[in-house]
1. All but one of (1) out of contact with any strand residue (DSSP E or B) (no Cβ under 7 Å at 6 or more places or on another chain); (2) under 29 Å from ASP643 (Cβ atoms); (3) buried (at least 17 other Cβ atoms within 10 Å of the Cβ) hold for PRO144, so report the exception by its number.
2. Would you tally the residues in the stretch 700-738 being buried (at least 19 other Cβ atoms within 10 Å of the Cβ) and either farther than 22 Å from LEU417 by Cβ or at pLDDT below 70 (or both)?
3. State which residue pairs qualify: first residue assigned to a helix (DSSP H, G or I) and inside the stretch 356-367, second residue modelled with pLDDT of 75 or more in any location, beta carbons under 8 Å apart, and separation of 6 or more residues or different chains.
4. With respect to ARG85, determine if the residue is free of Cβ contacts under 8 Å to residues at least 40 places away in the same chain and under 30 Å from GLU196 (Cβ atoms).
5. Looking at the stretch 617-625, is at least one residue surrounded by 15 or more Cβ atoms within 10 Å (Cβ to Cβ) and either without any contact (Cβ under 8 Å) to a residue 12 or more places away in the chain or farther than 20 Å from LEU448 by Cβ (or both)?
6. From ARG122, ARG160, which residue is buried (at least 17 other Cβ atoms within 10 Å of the Cβ), basic (Lys, Arg) and either within 13 Å of LEU197 (Cα to Cα) or modelled with pLDDT of 95 or more (or both)?
7. Quick one: GLY183 ticks every box in (1) farther than 26 Å from LEU256 by Cβ; (2) modelled with pLDDT under 90; (3) crowded, with 18+ Cβ neighbours inside 10 Å; (4) small (Gly, Ala, Ser) except a single one, so which number is it?
8. Looking at (1) aliphatic (A, V, I, L, M); (2) over 20 Å from THR261 (Cβ atoms); (3) surrounded by fewer than 18 Cβ atoms within 10 Å (Cβ to Cβ), can you tell me which one VAL115 breaks?
Amino acid sequence: MNRFISLGEVRLGLRLIVKQPILSLTIILALATGICFATMGFTFREELLHSTLPYQAGDRMVRVYVLNRDSGRLDLDLERYRALRDRATSFEHIGAVSGRPFTVTHEPGEVESIVGATITPRSMRWLDAAPIAGRTLIPADGEPGAERVVVIRESLWRRRYSSDQDLIGRAITIGGVPRTVVGIMPDTFEFPNKGELWLPLDELTLGGNLAAAMPGLRVFGVLKPGVTFEAANAEANTLSAQLPTPPPPDGIARLLIRPFTADSNESNIAINALVFVLLMVLLVVASNVATLVFARTWARAPELAVRTALGAARSRIVGQLFFETLLLGSVAAVIGIVAAYAALRYFKGSLEGWPFWITLEPNPATVVFVVVLTLLVSVICGLFPAMRVTRHDLRNTLQAGRGFAFGGFGKAGALLLVVEIALSVALLNGAVTMARAFTSFYEDIPALPKNQVLTAHLGHIPEADQRDKIAVAIRELPGVIAAGAGQSLPRLYPSPRPVSVEPIGAEPVIAPQPAPGHAVTDGFLAAIGARVVAGRLLDRTDFVEGAAPVVVVNEPFVQKFFGGRNAIGRRIKIEDRGSDKESPWRQIVGVVPDLGLSVGDPAMTAGFYTPVGDEMLWYLAIRTSVDPITLTAPLRTAVANVDPDLQLLEIRSLEDAGREERVFLSAIAAALTAMGGMALVLSIVGIYALLSFMVTRRTREIGIRVALGAANWQVLRSITGGAALYLAIGGALGTVLGILFAQARAVILISIPAPGVWMPAPIFMTLAIAGAVACWVPARRALGIRPAEALQAD
């Protein structure tokens, strides 16, 4: 250290930091904000993409995906499962698991839905499963004709059975079938989710029949030590190619072996997009800090000139300036890591549904990343300004008796100013666009009834006859006005499908346009309070075999596709991307208000409802004349009487449907707004500090120009002209980048609106006003000084 910087110079640097508390605090908070966001972003990315299961072989546990030619996921057929299990040499184990809710009947006839899993019993030994009582599942439990058994969780044992020590060996009814309790697992055991019971999958059929396994199974395996994913993928696809391939649309294209904790490619893109947003914040912070440090360093030009005149080497001056920035960065790193840890703990505790292997705690790799990041930012923000300043002959600066002028700041200062403005406008444009879209997911929908509709998610899709029996049973419950089932509920944004309008007469043929919609049963529209605007609702005649294809559309659909003209009797074709069949022309028989079919993107509110055909229906909607929540228990009993193995999830009022999604999206909206707001504040502070300093350093020039007879407005124009030019360049560049940045909304698996060109305008105007004030205030102050005093200013 003595070669580049002495202990006295260290003390001098500390005194200067303390002597300038506002500037130092601004730099620390700016860096801490960037480090906090970056730490959170990379922690999310590492946890969601590169985490491992907390088992002895967790780093070797993989998922086996079956993909068609469009990279869509298929269920793994039994023949390929057995080929991998019995013939693949890359795996030590191949098993299957399915997490889902089960209907448990307690005495005296009380029905409860409990989340659990069915799993191949041989897999339990790879999960480090150690029961607190009894035993875990064993291979014999998966043999044909084996006794029907169940292993339950400690929490269920305590909650429903009062920690009864004699529960082992007794039977409980699950899905209408008595099963013997053979073991109790501790609450610390979780796989594949935080379920409370585990049932064995028979090895012969995997819960299905001899032709196909139970739908929705997750096939997983354990790689042998030293086997790479590439080798496992190659072997799996070689074995698959030797087996018959089902015909389209279920034709298997390939098998994909990935880490068990890894998600789909779409999630990878979304996570990387989040990291990109956070890095954008970091870039704004870095440019802001570099601007402040640049101005701070130039302000010390006379002091540095004195040291140079006294013989100080350039390396010692640069070393001291770098040390001061590094010290500020170190303090900011500590604050940023602590803030990131607290924020991650908050997210983990406030949002449900996290996979059990996600800890959301910064790991050593993340801490190392933050340290390297701090050093990098310190080098960029400390060494670069120091090298720029000391490049000039500081003794000439001392002899001139003044610091730098606007032109003396040069290309580097102009570039910093333009980059900061451009990044701020771009980031805020994207953040505001997405936040505005996310907040719309929990806005009120006037046409929906309030507190009069009960909804439920069907955990297991019933057959058509079961569906009809469920509807009949529900309609017989006291207080039920209407009931039906549908593929989606309001606010749950079904995927849009291409829609074509049949032209009449000389009307031009218009290319298909996307519109969301879903299939419903008789009574669904009435259950969600659909009011007829024109025509009629779907009735029972529309659901009989051979009925003419019809459709009900909403008012935004009429406005978008027909310009608000009468749509009753017109025909549309709804393309089905997953089928090779020719889509029929459907006649519009009714128009209803906007019922929140799709929210977030105003362009996607135009939608439709079709009578159910072969589609799978996921949701129940029940309109009542009483408090909907009072029907929860009777609803479970009615469904269990139809089929004890059917499960009802998320029984709640229509107002609360999709609550988790809205809470999560509101958290994202708040985070994006906070990031954008922080970037705006930092940019305003940085721009104000830089321009104010630049104008202050031109006090001598202002005095000379006033002494020579220049008018005040001429002086102000010359001072603000250059800054206005850089503000305009940065604003224009930021507007373009902001629109491009917001276009990345396509990587998110929900629909959000396209960004408006107008959106960057208020952001840019805010920064422009800050820049104008930063120039005007010190300039007016300088103009108020007498020329003789101005000529003596530094």
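The values are calculated or read from the model by the stated rules, or taken from the named source; none is laboratory data. Quick caveat, the model's predicted, so the values are computed rather than measured. Methodologically, a virtual Cβ is constructed for each residue, glycine included, from the backbone with ideal geometry; neighbour enumeration extends over all protein chains shown. Quick note on the areas: whole protein, heavy atoms, side chains included, nothing else; ligands and nucleic acids left out. Shrake-Rupley method; radii C 1.70, N 1.55, O 1.52, S 1.80 Å.
1. Unmet condition: (3).
2. Qualifying residue count for the region: 8.
3. Pairs found: ALA365/GLU46; THR366/THR39; THR366/PHE42; THR366/THR43; THR366/GLU46; VAL367/ILE337.
4. Considered against the rule, which asks whether it is free of Cβ contacts under 8 Å to residues at least 40 places away in the same chain and under 30 Å from GLU196 (Cβ atoms), ARG85 comes out as yes.
5. No: zero hits.
6. Selected residue: ARG160, the only one of ARG122, ARG160 that is buried (at least 17 other Cβ atoms within 10 Å of the Cβ), basic (Lys, Arg) and either within 13 Å of LEU197 (Cα to Cα) or modelled with pLDDT of 95 or more (or both).
7. The number of the failed condition is (2).
8. Against the list (1) aliphatic (A, V, I, L, M); (2) over 20 Å from THR261 (Cβ atoms); (3) surrounded by fewer than 18 Cβ atoms within 10 Å (Cβ to Cβ), VAL115 comes up short only on (2).
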